[in-house]
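Chemist: Shown below is the structure under consideration.
The values are calculated or read from the model by the stated rules, or taken from the named source; none is laboratory data. For clarity, every value in this text was computed on a predicted model and none was experimentally measured. Please note: Cβ atoms are built from the backbone with ideal geometry, for glycine as well, and neighbour counts cover all protein chains shown.
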Amino acid sequence: MANLPKDFIGLDALQHVAEEVSKEIVMGPGYSDAEEMDRLGIDIATGVQFKRTFHLFIRKGGTTRRKDVHREINSEAGFLKERTLVAKLSWDKFPGNIDDFCETVFGTDAQGQFPLSSQAVEAILKDYADNLAANLWFGDISLDNGDDSVPAREQAMALYDGFHTCIKHDIEDGLISEANGNLIPCEAISAPAGNDDSTPYDNFIAWHMKWDERLRKVPTRVYMNETTAMNIAAGYANKFHGNFRVEYNQGDNFKLPGLSKVTLCPISGFGAGDRMYATIDKNFVYGVDTESNQQYVSVRLGSDRDHRDLSFQIQSIQGCGVKSFLKSALAVSDGSLVAPEFVAGDYDNTKLVVTLAGTDGQKPDGTVKVNGTAYTKPLDTTPNQIITLEATDGTTYKFDGWSNGKKDKKIQLTATGMNMGLTAFFKKGS
């Protein structure tokens, strides 16, 4: 230990710092996307011991009638339904070096903490929280069946079942269905064909009117991707031509005048297609086990390469669930849903992902070149690398713009050192 830097805070202090930092990191999207979780009204449940059971009381028939003292009637009260949120154990290991955990000659701050080391540990472990957040919608435990031949990318998306996967299983089990009134057909929410086309707004309103009356009476959030939300807003503007305005509130959430109880919530990682979920607040739950001794972070000194290396191992238990599938609490549209091409990251090998999307929800026949070569798969990037992208019209679809707001067919980006995603939108017609 004689060769260690004199300002190194020491292994015991570093372990303490890591434990303090990890209390927030293991919350996954509850930490890395706390504002987003609040915007979406998603419940954060702690203390989950691998399973959290929610009880639904499902009412049965029964007709209230004028009392006849000479007649006996029976009405079924209902039954209890258990809904289980299953939490799964995840872990990862990250490298570090002693040189990153040296404080100044002044040592700790006024509270006896190590501010620089805390920042360094947080920077290392934040990747773990980001990977947990990547599973929030499309995570699927079945992608990792214990076979080492499964690509790392798929294993990274198998930390726990995300909300899309939970709802998919409920549909497969028949709990969400047209017969149960919680799977409701909806006409396509495509981009307006012109400045007088209000079809996407009209289709959304028609879908809303099919919800169970009890759901329409309470504050409701509707989850969808950003394109679907833009199409609805554009259709609304076309219908009323500026006489009424869409009302934006928290973040990107907005309301449509006349639907005071409905909040539309665009979500960037929701996937392509026009699938929508209407749900009451706190019905979607992200659970974290904050009590198990299997949740921890440890620090180890030394490696075969360098005795001054450090390794951080972190693990936690988390999962997603939907409390109630009842039509009084949830309505699922029958729209399409396609997972993003690339959603979980390896930050030592960062990538640029380009998605081509038609404004009508269909796959366009346009193309995109990246650095002069046709885009076919995610591009490996390095920090500060200059990247040139160029969109080319197809026979049926014409380039309409990039998801970053730029309209030029040819643009340049500077790689950030993090994974980057960009969508090229194409519009059908001339």
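Chemist: Picking from D380, D360, which residue would you name as being under 26 Å from the mean Cα position of the chain (by Cα) and touching a residue at least 40 places away in the same chain (Cβ under 8 Å)? Can you show your working first?
Modeler: Numbers: D380 fails: touching a residue at least 40 places away in the same chain (Cβ under 8 Å).
The unique qualifying residue is D360.
For (1) at pLDDT 95 or above; (2) over 12 Å from the mean Cα position of the chain (by Cα); (3) not in a loop (DSSP other than H, G, I, E, B), each residue gets a yes or a no:
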{"residue": "A123", "(1), (2), (3)": "no, yes, yes"}
{"residue": "Y128", "(1), (2), (3)": "no, yes, yes"}
{"residue": "N131", "(1), (2), (3)": "no, no, yes"}
{"residue": "A134", "(1), (2), (3)": "no, no, yes"}
{"residue": "S142", "(1), (2), (3)": "no, yes, yes"}
{"residue": "Q155", "(1), (2), (3)": "no, yes, yes"}
{"residue": "H164", "(1), (2), (3)": "yes, no, yes"}
{"residue": "G181", "(1), (2), (3)": "yes, yes, no"}
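Chemist: Which residues, taken from the range 185-206, are out of contact with any Leu (no Cβ under 8 Å at 6 or more places or on another chain) and over 23 Å from K327 (Cβ atoms)?
Modeler: S190, A191, P192, A193, G194, N195, D196, D197, S198, T199, P200, listed by residue number.
Chemist: Could you tell me which numbered condition N283 fails, if it satisfies all but one of (1) touching a Lys or Arg at 6+ places or on another chain (Cβ under 9 Å); (2) at pLDDT below 85?
Modeler: For N283, the exception is condition (2).
Chemist: Output yes when any residue across the range 369-389 is among the β-branched types (V, I, T) and closer than 10 Å to A424 by Cβ, and no when none is.
Modeler: no
Chemist: Could you tell me whether the range 229-237 includes any residue that is assigned to a helix (DSSP H, G or I), more than 17 Å from M276 (Cα to Cα) and among the aromatic types (F, W, Y)?
Modeler: yes
Chemist: Does L215 satisfy being part of a helix (DSSP H, G or I), surrounded by 21 or more Cβ atoms within 10 Å (Cβ to Cβ) and not β-branched (V, I, T)?
Modeler: yes
Chemist: Check S298 against each of (1) under 25 Å from the mean Cα position of the chain (by Cα); (2) at pLDDT 85 or above; (3) among the hydroxyl-bearing types (S, T, Y) and name the one condition it does not meet.
Modeler: The number of the failed condition is (1).
Chemist: While we're here: Would you say K60 is touching a strand residue (DSSP E or B) at 6+ places or on another chain (Cβ under 8 Å), surrounded by fewer than 16 Cβ atoms within 10 Å (Cβ to Cβ), at pLDDT below 70 and part of a loop (DSSP other than H, G, I, E, B)?
Modeler: Spelling it out, K60 is indeed touching a strand residue (DSSP E or B) at 6+ places or on another chain (Cβ under 8 Å), surrounded by fewer than 16 Cβ atoms within 10 Å (Cβ to Cβ), at pLDDT below 70 and part of a loop (DSSP other than H, G, I, E, B).
Chemist: Residue by residue through the range 271-292, note down the ones that are over 23 Å from D212 (Cβ atoms) and in contact with a helix residue (DSSP H, G or I) (Cβ under 9 Å, 6 or more places away or on another chain).
Modeler: Within the range 271-292, G271, A272, G273, Y286, V288, T290 meet the criteria.
Chemist: With the structure loaded, tell me whether D360 is of a type in the set (D, E), closer than 15 Å to A424 by Cβ, touching a Ser or Thr at 6+ places or on another chain (Cβ under 9 Å) and modelled with pLDDT of 85 or more or whether it fails that test.
Modeler: Working: of a type in the set (D, E): yes; closer than 15 Å to A424 by Cβ: yes; touching a Ser or Thr at 6+ places or on another chain (Cβ under 9 Å): yes; modelled with pLDDT of 85 or more: no.
Spelling it out, it is not the case that D360 is of a type in the set (D, E), closer than 15 Å to A424 by Cβ, touching a Ser or Thr at 6+ places or on another chain (Cβ under 9 Å) and modelled with pLDDT of 85 or more.
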